[in-house]
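Engineer: Mind having a look at this structure? Questions to follow.
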Amino acid sequence: GKKTLNYTITAKDGFGKTQSYTEKFEYEAVNPPDHVPLVSADKMNVVYRGLDNPITISMPGISPNKMKASAPGLVKKSGTSYILRPQKSETVRINVVGTTDNGETIKSPPVTFRIKNIPQSMASIRGQFGSIKMPKSSLAKSSIGAGLPDFLFDLKLRVSSFKVKVPGKTTVIVNGGRMNSQAQKAIAGAKRGDIVTVFGIKASIVGNSSYRLKEVLPISVEISN
């Protein structure tokens, strides 16, 4: 509980005279920690396959250099910071063992995380997703992007190809992320109220060549004029 320490300081001043000062110091005494491990995902309650998931692992009362955490794909960065790169299984278990200052070994029960795939991304035009409305002249000049709305990881995606379907026109296949001349010609022939669909979009994560994203969800554009 709360404690009070009363003490007196006695010293000579600059004139050789002895002076005394009485003070008090208040503090609180607590029981030793139970060394229960604290394991948490920094971004979410699950970890995602194909990504470096930041994980914080600690044991109250035990220094990080006297603690060892192990799991498939778990790599220590520094202190209590770890990176978890999930494997092909559906779950991953993290085991934590710590050593107290008096040499006692503390083993924690395994902490389990679910492993999920990155959610399906969506096509975007000028930062908009789903069904949008715009002039055909603007659509013809637009780039096709891909994103993961509301996903907690800030992933940058690059579109490598897509298809454009204008009502009454043959589907155009485009390599890259911008409309080519064939797509622009087809869009030029669209009428007001027509729905132009951009689909069959292939994209990849910038800086991550190993993970294969699912096909990107399409975007529909209603021609306004």
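The values are calculated or read from the model by the stated rules, or taken from the named source; none is laboratory data. Everything numeric here is computed off the predicted structure, so don't read it as measured data. Neighbour counts run over all protein chains shown; Cβ positions are idealised from the backbone, glycine included. Side chains included, ligands, DNA and RNA excluded: accessible areas come from the protein's heavy atoms. Shrake-Rupley method; radii C 1.70, N 1.55, O 1.52, S 1.80 Å.
Engineer: Given (1) hydroxyl-bearing (Ser, Thr, Tyr); (2) open to solvent by 60 Å² or more (accessible area, probe 1.4 Å); (3) over 27 Å from the mean Cα position of the chain (by Cα), identify the lone condition not met by Ser142.
Structural biologist: Just one mismatch for Ser142, condition (2).
Engineer: Considering only residues that are assigned to a strand (DSSP E or B), open to solvent by less than 60 Å² (accessible area, probe 1.4 Å) and touching a residue at least 40 places away in the same chain (Cβ under 8 Å), look in region 90-116 and name the one that is nearest to Gly50 (Cα to Cα).
Structural biologist: The qualifying residue nearest to Gly50 (Cα to Cα) is Ile115.
Engineer: Suppose we filter region 158-175 for residues that are open to solvent by less than 30 Å² (accessible area, probe 1.4 Å) and more than 19 Å from Ser220 (Cα to Cα); how many remain?
Structural biologist: Qualifying residue count for the region: 0.
Engineer: Is region 183-202 home to any residue that is assigned to a loop (DSSP other than H, G, I, E, B), under 30 Å from the mean Cα position of the chain (by Cα), loosely packed, with under 14 Cβ neighbours inside 10 Å and modelled with pLDDT of 95 or more?
Structural biologist: no
Engineer: Here's something else I'd like to know. Residues of region 117-134 being part of a strand (DSSP E or B) and either open to solvent by 60 Å² or more (accessible area, probe 1.4 Å) or without any contact (Cβ under 8 Å) to a residue 60 or more places away in the chain (or both), which ones?
Structural biologist: Gln128, Phe129, Ser131, Lys133
Engineer: Going by the conditions given, is Thr91 in contact with a helix residue (DSSP H, G or I) (Cβ under 8 Å, 6 or more places away or on another chain) and polar (S, T, N, Q)?
Structural biologist: For Thr91, the condition - in contact with a helix residue (DSSP H, G or I) (Cβ under 8 Å, 6 or more places away or on another chain) and polar (S, T, N, Q) - is not met.
Engineer: Now a separate question. If Ile83 passes every condition in (1) in contact with an Asp or Glu (Cβ under 6 Å, 6 or more places away or on another chain); (2) open to solvent by 40 Å² or more (accessible area, probe 1.4 Å) but one, which one does it miss?
Structural biologist: With (1) in contact with an Asp or Glu (Cβ under 6 Å, 6 or more places away or on another chain); (2) open to solvent by 40 Å² or more (accessible area, probe 1.4 Å) applied to Ile83, the lone miss is (2).
Engineer: Taking the condition touching a Gly at 6+ places or on another chain (Cβ under 9 Å) and either assigned to a loop (DSSP other than H, G, I, E, B) or open to solvent by less than 70 Å² (accessible area, probe 1.4 Å) (or both), does Phe153 pass?
Structural biologist: Judged against the criteria, Phe153 is not a match.
Engineer: Checking Gln87 against (1) within 28 Å of Ser209 (Cβ to Cβ); (2) at pLDDT 90 or above, which single condition isn't satisfied?
Structural biologist: Checking Gln87 against (1) within 28 Å of Ser209 (Cβ to Cβ); (2) at pLDDT 90 or above, the one that fails is (2).
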